[in-house]
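The values are calculated or read from the model by the stated rules, or taken from the named source; none is laboratory data. Please read all numbers here as calculations on a predicted model, not as lab measurements. Methodologically, a virtual Cβ is constructed for each residue, glycine included, from the backbone with ideal geometry; neighbour enumeration extends over all protein chains shown.
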Amino acid sequence: MPVVHPSPSGSPLSDLIGSSVVTLDDVSTGQILELLHQAQYIDAHRSTVAHICDGRVLATLFYEPSTRTRLSFETAMLRLGGQVIGFAGAQLSSVSKGESISDTLKTVSNYVDVVAIRHPKEGAALVASRAATVPVINAGDGGHMHPTQTLADLATLESRFGRITDLTIGLCGDLTFGRTVHSLIETLCRFGHVRFVLISPPELRTPRYVLDRIDANPTCSYTEVDDLTAAIGDLDVLYMTRVQKERFFNEDDYLRLRDTYILDEDKLRLSKPHMAVMHPLPRVNEIAAEVDRDPRAAYFEQVKNGMLMRMALESAVVGDALPGYEPLEAK
Ligand code: CP
């Protein structure tokens, strides 16, 4: 029996069919809100969506280590009824013989309906999307962007606060190389009404191109500070990040900076009762395990939301509608 894939005509997501997502600038603010809404629907209707991607195949091309992103992209497609191929470590693929990203994508496009790619080099996902003939989703390119982590983060803000704006958000740690921070700031600035507190040592400040995005929206603002203890009491959200060892040029600098910020119960006592502690994970030392017991800890909710948002995005770019789903606009 042929597989029928009704497409989401009339939905703001219909423009995403066949599109690559290299940064969230490739997705309109209306589409982001729709994806957030779809993820909630998917969570509540798991069996209804369990076969919408029957016959689809996802490729995960991971040139860099991952636990959450690769496994959640794959679980998302499996939970929608599709199948998965790919590699986790390019050394066992023809990349180890010198094959280019473009040739790899031109090849894999013949096999699959959608590709998720992670690569250590900034811009690799853009190169991949230009070579591919199927949608390519950036699963993290170097220290640049991580758009699907941002979707998970927005879903977590929405579930914790019922909104993604009118918040004071502290981002703490490696703001230079932390691609999750760059994606999140840029995307929140498109919605506006966010006050950022950028907490880092001077060596790990936020790149200028990201600060420019805050400056471009008069409803957003930022302060750069280096003292987490002094800042924590003002925050609605504390988004901790790992110091990105793999992006440092100098091991001594990494060793000197890696434990600059450690969130523990003592520091948490200084925060608002409903502050959300977020972290894209993996963590190293920057959040003590004792914080996991605190209701403010939201990082494992981010993990679950990552899978749901990837289910919404994968079904959107391949064009498979969610049965019974009513778009936000129609409400
Ligand atoms: N958040 C995140 O990107 O985790 P992984 O590196 O495990 O995929």
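For this structure, a couple of remarks:
- Residues that are among the aliphatic types (A, V, I, L, M), within 21 Å of residue 18 (Cα to Cα) and part of a helix (DSSP H, G or I) occur at least once in the stretch 292-307.
- Filter result for residue 229 (within 13 Å of residue 200 (Cα to Cα), touching a strand residue (DSSP E or B) at 6+ places or on another chain (Cβ under 8 Å) and β-branched (Val, Ile, Thr)): no
- Whichever residue in the stretch 192-223 is charged (D, E, K, R) and over 20 Å from residue 275 (Cβ atoms) and, among such residues, is surrounded by the most Cβ atoms within 10 Å (Cβ to Cβ): 213
- Consider the stretch 133-143 and keep the residues that are under 16 Å from the mean Cα position of the chain (by Cα) and more than 23 Å from residue 308 (Cα to Cα). The one that is modelled with the highest pLDDT is 142.
- One residue from 117, 17, 32 being within 20 Å of the chain's Cα centre (by Cα), within 16 Å of the ligand (Cβ to nearest atom), within 30 Å of residue 210 (Cα to Cα) and at pLDDT 95 or above: 117
- The stretch 153-166 - residue that is touching a Leu at 6+ places or on another chain (Cβ under 8 Å) and part of a helix (DSSP H, G or I) and, of those, nearest to the ligand (Cβ to nearest atom): 153
- Restricting the stretch 60-88 to residues that are hydrophobic (A, V, I, L, M, F, W, C) and within 18 Å of the chain's Cα centre (by Cα), the residue that is farthest from the ligand (Cβ to nearest atom): 77
- Where a residue in the stretch 247-273 is surrounded by 12 or more Cβ atoms within 10 Å (Cβ to Cβ) and its partner, wherever it lies, is among the polar types (S, T, N, Q) and not in a loop (DSSP other than H, G, I, E, B), with Cβ under 7 Å and at least six apart: 267/229; 270/229
Results for (1) at pLDDT 95 or above; (2) touching a Gly at 6+ places or on another chain (Cβ under 8 Å), shown as yes or no for each residue.
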position: 62; (1), (2): yes, yes
position: 69; (1), (2): yes, yes
position: 75; (1), (2): yes, no
position: 97; (1), (2): no, no
position: 109; (1), (2): yes, no
position: 131; (1), (2): yes, no
position: 153; (1), (2): yes, no
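- Some residue of the stretch 181-193 being out of contact with any His (no Cβ under 8 Å at 6 or more places or on another chain), assigned to a strand (DSSP E or B), over 20 Å from residue 314 (Cβ atoms) and not aliphatic (A, V, I, L, M): no
- Remark: pairs (first residue in the stretch 167-186, surrounded by fewer than 24 Cβ atoms within 10 Å (Cβ to Cβ) and at pLDDT 95 or above; second residue polar (S, T, N, Q) and in a helix (DSSP H, G or I); Cβ separation under 9 Å; 6+ apart in sequence or on different chains) = 186/150.
- Residue match in the stretch 92-107 (condition: in a loop (DSSP other than H, G, I, E, B), touching a residue at least 12 places away in the same chain (Cβ under 8 Å) and not polar (S, T, N, Q)): no
- Of all residues making up the stretch 35-91, the number that are assigned to a helix (DSSP H, G or I), in contact (Cβ under 8 Å) with a residue 40 or more places away in the chain, hydrophobic (A, V, I, L, M, F, W, C) and under 11 Å from residue 308 (Cβ atoms): 5
- For the stretch 274-291, filtered to residues that are part of a loop (DSSP other than H, G, I, E, B) and away from the ligand (no atom under 16 Å from the Cβ), the residue that is surrounded by the most Cβ atoms within 10 Å (Cβ to Cβ) is 275.
- Members of the stretch 64-94 that are crowded, with 22+ Cβ neighbours inside 10 Å and among the aromatic types (Phe, Trp, Tyr): 73
- Residues (over 18 Å from residue 24 (Cβ atoms) and not in a loop (DSSP other than H, G, I, E, B)) located in the stretch 308-331: 318, 329, 330
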